[in-house]
Amino acid sequence: MENFLSDKPVAIIAYGEVKNQRRSGKRPYEFAAEVMGQILEKTGLKNSDIDGMATHMPTAEAGNTFYTNTMADNLGLQPRWTQLTDIGGCSPVGNIARAAAAIVTGQCEIAICLAADSTGTTGVGHRRLGGYRQEFMEPIGFQGPPVAFGLLSHAYDQKYGLNLEALGQLAVTQRNGALANNNAIEQFRKPITVEDYLASRVIAEPVRLLDCVMRCDGGNGLLITSTERAKEMGLEKLVYPVAYSEITNFEPDDPNPDITETGFATVGPDVFNKAGMSPEDIDMFHPYDDFLIAVMLQMEQIGFCDRGEGAEFILGTDMSPSGKLPVNTGGGQISAGQPGLGGGGVNLTEAIRQLRGEATDRQVEGANNALVTGIGVIPYFRNWGSSNCMILEGA
Amino acid sequence: MTDEKQNPPPPIPSPTPVSQPMWDAAKEGKLLLQVDPASNKVQFWPRPVNVQTGKSDYEWREVSGKGVLSAWTKVHVPAFGFADRVPYILGSVDLAEGGRIVAQLVNVNDEALVPGMAVKVTWEKRSDEISVYQFEPDC
């Protein structure tokens, strides 16, 4: 497939992020308003300058079948192009590609991509999610993502051997990021050790508490326009999406798939091919992290290391901000919190912050590109639902 | 006596027009699944199409209910309705005819589980209309 982003036709010109909170009592609209407020202040734009709006379906508003209209009305926006994306954790990264396509094809000029949810306040609402969950998951005691990752971890263990020390090392690296990140959920801003990881409560064997994200409330977002317009506006610190790849419902026709394989085996190589790059060219990696093993599987399948060698790669690579491959420098979702289905924006926002040189104590010096990813939906005996990869470049 | 408020019973599946034949067969202790007649590939859960073709040209076939255990997890934090059962084991079963079902494993201790172990379906009656599939060692 052709890469419509190769000539950098669009630029991310601003971002906003609210501090993650456990239970705020707020709704996604309030978080979106705070995010838009930050963006307007940074750019000097008015809300009436924004003519495109992309959102994702938040769990807190699942059941509102007019979410786009409600959001626009809350924010005083009059978009000429809208997009509601519901591929879970892939949505915030995926919305950049969708907004870029809308801008390149003249459907809008300045688009805001918003991610906001208050799952900490409302709960997940599995019982409203519908589909096969109510008929085939809840009645067998399938308690949610920890079970899916318990089965996946066990399958990985049988095939390659699961190294808990490596996962613990990853937990510590990400937690150190949260310690330096003022927007991380406050409860997680205390150090942990590999021993703490190993000793944390088992949820669904071998998945421990410190393998998992904690859902919370929060929001983030960004503003995107044509590179030409961004330069006319005299804006600096532009961040360019230069390659994107996405896949949903990986291998639907295999009745007995190897659940350790995912769509990243497709989109990882594809995004590098589109960018004319290889994993060695990546300055920072900001992978979607709902569970620690998901980060390791992405390293293997995107191509940072081979299948089964993720643990060795983690233990042998400095992934701190000053290391060879900085990973989720703001804590990732596991240590900064997962603001519901807006969680995919946590890793993305950190990548943009880094590329703008605004990551304060945890700034990665000299980083000029980042790989960001999303994972959407964990079906209960198949591979991840959606996978996406985007390469971002600094100015 | 179980306190239904503190320990609600496990949820009872609500059949859809597509899945109704499977649940009707389950009442009789039979495992009925959708199969692609051209390739004999089994699909579970029931879908409105044969995923091999995208058309409604699937067949319902009774399968043996026998299979092998591929992966499992011992669940310590229960799903809604399963507080009475913790810890319980959920296993991924590759059926003899192909296809895969995740279900509760019963009549076995997790220490006795091995990958590739033979298992067979058994049924837990949840109501007059619904029996839910479980698996147990086939020995």
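The values are calculated or read from the model by the stated rules, or taken from the named source; none is laboratory data. These figures come from a predicted structure and were not determined experimentally. No Cβ is skipped: glycine too gets one built from the backbone with ideal geometry, and neighbour counts run over all protein chains shown. Heavy atoms of the whole protein, side chains included, go into the accessibility calculation; ligands, DNA and RNA do not. Shrake-Rupley method; radii C 1.70, N 1.55, O 1.52, S 1.80 Å.
Residues being charged (D, E, K, R), open to solvent by less than 50 Å² (accessible area, probe 1.4 Å) and not in a strand (DSSP E or B): count how many of those fall in the range B:94-117. If you could, list the steps in order and put the result at the bottom.
Within the range B:94-117, the subset charged (D, E, K, R) is B:94, B:97, B:100, B:110-111.
Cutting the leftovers down to open to solvent by less than 50 Å² (accessible area, probe 1.4 Å) gives us B:94, B:100, B:110.
Now restrict to residues that are not in a strand (DSSP E or B): B:110.
Qualifying residue count, the range B:94-117: 1.
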key: Flag for residue A:104 being modelled with pLDDT of 95 or more, touching a Phe, Trp or Tyr at 6+ places or on another chain (Cβ under 9 Å) and under 16 Å from residue A:225 (Cβ atoms)   = yes
ask   = Restricting the range A:178-216 to residues that are within 14 Å of chain B (Cβ to nearest Cβ) and assigned to a loop (DSSP other than H, G, I, E, B), which is most open to solvent (accessible area, probe 1.4 Å)?
value = A:201
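Please count how many residues of the range A:347-361 are of a type outside the set (Lys, Arg), open to solvent by 10 Å² or more (accessible area, probe 1.4 Å) and part of a helix (DSSP H, G or I). Before the answer, list the steps.
Initially, the range A:347-361 is screened for residues of a type outside the set (Lys, Arg), giving A:347-352, A:354-355, A:357-361.
So of that shortlist, the ones also open to solvent by 10 Å² or more (accessible area, probe 1.4 Å) come out as A:355, A:357-358, A:360-361.
From what is left, the residues that are part of a helix (DSSP H, G or I) are A:355, A:360-361.
Total satisfying the criteria: 3.
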Residues satisfying the stated conditions in the range B:23-48, i.e. more than 29 Å from residue A:149 (Cβ to Cβ), of a type in the set (A, V, I, L, M) and within 14 Å of chain A (Cβ to nearest Cβ) = B:35, B:38
message = Anything in the range B:55-81 that is more than 10 Å from chain A (Cβ to nearest Cβ), free of Cβ contacts under 8 Å to residues at least 60 places away in the same chain and surrounded by fewer than 21 Cβ atoms within 10 Å (Cβ to Cβ)? List them, or say none.
response = B:55, B:56, B:57, B:59, B:60, B:61, B:62, B:63, B:64, B:68
key: Yes/no for residue A:197 being of a type in the set (Ser, Thr, Tyr), within 23 Å of the chain's Cα centre (by Cα) and over 30 Å from residue A:41 (Cα atoms)   = yes
query = Among the residues of the range B:118-127, is there at least one that is exposed (fewer than 15 other Cβ atoms within 10 Å of the Cβ) and closer than 18 Å to residue B:12 by Cα?
reply = yes
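Just to be sure before I move on: is residue B:91 small (Gly, Ala, Ser), more than 7 Å from chain A (Cβ to nearest Cβ) and within 22 Å of residue A:131 (Cα to Cα) in the structure I sent?
Details: small (Gly, Ala, Ser): yes; more than 7 Å from chain A (Cβ to nearest Cβ): yes; within 22 Å of residue A:131 (Cα to Cα): yes.
So residue B:91 fits the description; yes.
On the basis of being under 17 Å from residue A:358 (Cβ atoms) and open to solvent by 10 Å² or more (accessible area, probe 1.4 Å), does residue A:19 make the cut? Spell out the reasoning first.
Details: under 17 Å from residue A:358 (Cβ atoms): yes; open to solvent by 10 Å² or more (accessible area, probe 1.4 Å): yes.
Judged against the criteria, residue A:19 is a match.
Please work out if residue A:38 is closer than 13 Å to residue A:112 by Cβ and in a loop (DSSP other than H, G, I, E, B). It would help to see each step written out before you state the result.
Numbers: closer than 13 Å to residue A:112 by Cβ: yes; in a loop (DSSP other than H, G, I, E, B): no.
So residue A:38 fails the test.
Considering only the range A:150-176, state which residues are more than 14 Å from chain B (Cβ to nearest Cβ) and over 24 Å from the mean Cα position of the chain (by Cα). Lay out the reasoning, then the answer.
Initial filter on the range A:150-176 (more than 14 Å from chain B (Cβ to nearest Cβ)): A:163-176.
Across the range A:150-176, the qualifying residues are A:163, A:165.
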query = Any idea which of (1) in contact with an Asp or Glu (Cβ under 7 Å, 6 or more places away or on another chain); (2) under 17 Å from residue A:138 (Cβ atoms) is the one residue B:75 doesn't satisfy?
reply = (1)
task = Could you tell me whether the range A:281-302 includes any residue that is surrounded by fewer than 23 Cβ atoms within 10 Å (Cβ to Cβ), in contact with a helix residue (DSSP H, G or I) (Cβ under 6 Å, 6 or more places away or on another chain) and in a loop (DSSP other than H, G, I, E, B)?
result = no
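Sort out for me the strands (runs of 3 or more DSSP E) sitting completely within the range A:49-162 that have 1 or more residues that are open to solvent by less than 50 Å² (accessible area, probe 1.4 Å) and acidic (Asp, Glu).
Working: elements: A:52-56, A:81-85, A:110-118.
By residue number, A:110-118.
Determine whether the range B:27-38 contains at least one residue that is in a loop (DSSP other than H, G, I, E, B), closer than 30 Å to residue A:209 by Cα and within 14 Å of the chain's Cα centre (by Cα). Give the steps one after another, and end with the answer.
So in the range B:27-38, the residues in a loop (DSSP other than H, G, I, E, B) come out as B:28-30, B:36-38.
Filter again for closer than 30 Å to residue A:209 by Cα, leaving none.
Within the range B:27-38 (the criterion being in a loop (DSSP other than H, G, I, E, B), closer than 30 Å to residue A:209 by Cα and within 14 Å of the chain's Cα centre (by Cα)), the answer is no, since none of the residues qualifies.
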request  = State all residues of the range A:309-326 that are part of a loop (DSSP other than H, G, I, E, B) and either open to solvent by less than 30 Å² (accessible area, probe 1.4 Å) or charged (D, E, K, R) (or both); if no residue qualifies, say none.
outcome  = A:309, A:317, A:318, A:319, A:323, A:324, A:325, A:326
